[in-house]
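For reference, the structure discussed in these notes is given below.
Please treat every number below as a calculation from the coordinates, not as lab data. Because the structure is a prediction, the values reported are computed rather than measured. Ideal geometry is used to build each Cβ from the backbone, glycine not excepted, and the neighbour counts take in all protein chains shown.
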Amino acid sequence: MGITPVTIPGVNECLKLMEQYHMLPNIREHSIMVTRVAEIITNGLISAGYDLSLKTVIAGAMLHDIGKTACLDNGDDHAAKGFEICLAHNLEPIADIVAEHVILKNYAPENGYTEKEIVYYADKRVNHHQVVSLEERLVYIIKRYGLNNEMRCRAIKQNYMRCQELEKRMFSLLTFEPADIADLLIPQQSTIEQR
């Protein structure tokens with residue numbers, strides 16, 4: 001018996017995994033919008049000379065919340081659960097993206113950008129299924145997950161400071177501003193809609 005090759009799933013495979021893991025419709029809508037935002041940023045960074053895999057970004061963004069439905073009632077870490085799901089399907093490159101979509105553990109700005117940073121950032125720009133600013137998303141996250149716990153709120157704010165730094169550095173390379181993303185979604189036909 002040979003070694004199973006590592007693969008990057010296409011859009012249809014991601015949609016099947018969403019169905020298999022009973023992703024709720026609102027989480028699916030959020031994931032698709034995160035994918036569209038990530039796709040715009042990735043295309044911009046590729047145009048700026050970065051060597052990135054659009055297919056990896058799309059798969060990582062579509063599956064970033066693959067473990068969320070299973071964790072809603074038990075309070076488990078949905079990023080860790082998603083990591084396990086990806087590994088179970090031999091999706092190692094996607095597993096790392098999913099594992100760090102909430103908090104980047106190994107972000108080194110001097111090393112540029114990978115698919116992981118793009119999905120992490122895109123997730124922070126989508127509240128439910130609407131594109132919002134980082135500040136708007138921070139207000140929502142503190143209200144929803146801060147639970148009036150000072151330490152928890154401080155950790156959330158530190159994570160968002162890292163995301164703001166990432167935004168500033170990343171958009172210095174792009175031909176559009178963070179505030180332009182919502183407008184760029186309208187005319188662009190996403191890879192997801194082309195399937």
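Selection of helices (runs of 4 or more DSSP H) fully inside the range 83-185 by the criterion of at least 3 residues being among the hydrophobic types (A, V, I, L, M, F, W, C) and surrounded by fewer than 15 Cβ atoms within 10 Å (Cβ to Cβ) returns 150-171.
Quick grid of which residues meet (1) basic (Lys, Arg); (2) touching an Asp or Glu at 6+ places or on another chain (Cβ under 8 Å); (3) within 15 Å of residue 9 (Cα to Cα):
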residue: 27; (1), (2), (3): no, yes, no
residue: 33; (1), (2), (3): no, no, no
residue: 37; (1), (2), (3): no, no, no
residue: 45; (1), (2), (3): no, no, no
residue: 52; (1), (2), (3): no, yes, no
residue: 64; (1), (2), (3): no, yes, yes
residue: 67; (1), (2), (3): no, yes, no
residue: 73; (1), (2), (3): no, no, no
residue: 82; (1), (2), (3): no, yes, yes
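Taking the criterion of being touching a residue at least 24 places away in the same chain (Cβ under 8 Å), within 16 Å of residue 42 (Cα to Cα) and not acidic (Asp, Glu), would at least one residue in the range 143-160 satisfy it? Full working, then the answer.
Step one: of the range 143-160, the residues touching a residue at least 24 places away in the same chain (Cβ under 8 Å) are 159-160.
Keeping just the survivors that are within 16 Å of residue 42 (Cα to Cα) gives none.
Taking every residue of the range 143-160 in turn, none turns out to be touching a residue at least 24 places away in the same chain (Cβ under 8 Å), within 16 Å of residue 42 (Cα to Cα) and not acidic (Asp, Glu).
Every residue in the range 85-115 that is touching a Gly at 6+ places or on another chain (Cβ under 7 Å) and among the charged types (D, E, K, R), please. Of everything in the range 85-115, just one residue is touching a Gly at 6+ places or on another chain (Cβ under 7 Å) and among the charged types (D, E, K, R), namely 115.
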